[in-house]
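The block underneath contains the structure these notes are about, expressed in structure tokens.
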Amino acid sequence: MTIEKIETKFIIDDGFPSPKIISNSNNLYLNFRIDDENYETVTLKFLNHHLYKIGYPGNETLYYHPYSIYGINSSEIYLIKNSDWINELKEIDKNHPYFNEDKWNSLNHYVITFHDDLFECIAKNFEITNDINFDKIVL
């Protein structure tokens, strides 16, 4: 397994990014604050997502997470190559009568480290989008 930092044109707010998620069985939208003086947000759309989790650890305990040996830091986006999580899911899916290895080989494992949360998602890809206005959604 290797971890590659994904460079972006924005900086995740390191104080209070307040991540919010909306998803269906195909796409997942992740909205969070970015580091600028206007308290702007960015929304990432994860295409054809299969699974996600968000929560512990935050930046205070990120050092003790298994990925820390690869040098992950808070408020960054990463791509996990040769992901143990994808491999684990693929092994389960091998029991499906219509198992397709190419499907699993086309997926990526993304990690986003926030101040108080770690977000992980298995998806084909992600893009910045304006499809959803999170300001009008009460969470």
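Computed about its Cα centre, the charge dipole of the chain is approximately 480 debye, with only Lys, Arg, Asp and Glu carrying charge at their Cβ. Scattering from the chain was approximated by placing one identical point on each alpha carbon and applying the Debye formula without solvent; log10 I(q)/I(0) at 0.16 1/Å stands at -0.86. For the chain, the longest principal axis of the C-alpha atoms and the axis of helix 84-93 are separated by about 40°. Take every pair of alpha-carbon atoms less than 8 Å apart whose residues are at least six positions apart; their mean separation over the length of the chain yields a relative contact order of 31 percent. Taking amide H as placed 1.01 Å from N in the peptide plane, the amide H of ASN125 sits under 5 Å from that of LEU47, each at least 5 places away or on another chain. Split the accessible area of segment 1-132 by element, probe 1.4 Å, and carbon with sulfur accounts for 46%.
Coupling constants for segment 13-23 follow from the phi torsions by the Karplus curve (6.51 cos²θ - 1.76 cosθ + 1.60, θ = phi - 60°), and in residue order they are 4, 8, x, 8, x, 6, x, 10, 10, 10, 8 Hz; glycine and proline get x. The packing ranking, built from the mean of other Cβ atoms within 10 Å per residue, places the peptides 27-36, 52-61, 67-76 in the order 27-36, 67-76, 52-61, highest first.
Using the Karplus relation 6.51 cos²θ - 1.76 cosθ + 1.60 with θ = phi - 60°, the per-residue 3J(HN,Hα) values for segment 29-45 come to 10, 10, 10, 7, 6, 10, 7, 8, 6, 9, 6, 5, 10, 10, 10, 9, 10 Hz, with x marking Gly and Pro. For PHE114, the residues 5 or more places off, or on other chains, whose built amide H falls under 5 Å of its own are SER75, PHE119.
Evaluating 6.51 cos²θ - 1.76 cosθ + 1.60 at θ = phi - 60° for every residue in segment 98-113, the Karplus couplings come out as 10, 3, 9, 4, 4, 4, 6, 5, 8, 8, 10, 10, 10, 10, 10, 9 Hz, glycine and proline recorded as x. For THR8, the shell of other residues with beta-carbons less than 12 Å away shows a net charge of -2, using +1 for Lys and Arg and -1 for Asp and Glu. Local charge for LYS53 was computed over the other residues whose Cβ lies under 12 Å away, with Lys and Arg +1 and Asp and Glu -1, and equals -2.
For segment 95-139, what relative contact order do you get, as a whole percent, if you take Cα pairs closer than 8 Å and at least 6 residues apart? Once normalised by length, the contact order is 27 percent. Using the rule -39500 (n - 2.57) for each DSSP H run of four or more residues, divided by the residues of the chain, the 222 nm mean residue ellipticity is -3000 deg cm²/dmol. Excluding SER75 itself, calculate the net charge of residues whose Cβ lies under 10 Å from the Cβ of SER75, where each Lys or Arg counts +1 and each Asp or Glu counts -1. Once all neighbours under 10 Å are counted, the net charge is -4. Heavy-atom accessible surface of the chain, averaged per residue, reaches 60 Å², computed with a 1.4 Å probe.
The values are calculated or read from the model by the stated rules, or taken from the named source; none is laboratory data. Worth saying up front: this structure is predicted, and the values here are computed from it rather than measured. Neighbour counts run over all protein chains shown; Cβ positions are idealised from the backbone, glycine included. With ligands, DNA and RNA removed, areas are computed over all heavy atoms of the protein, side chains included. Shrake-Rupley method; radii C 1.70, N 1.55, O 1.52, S 1.80 Å.
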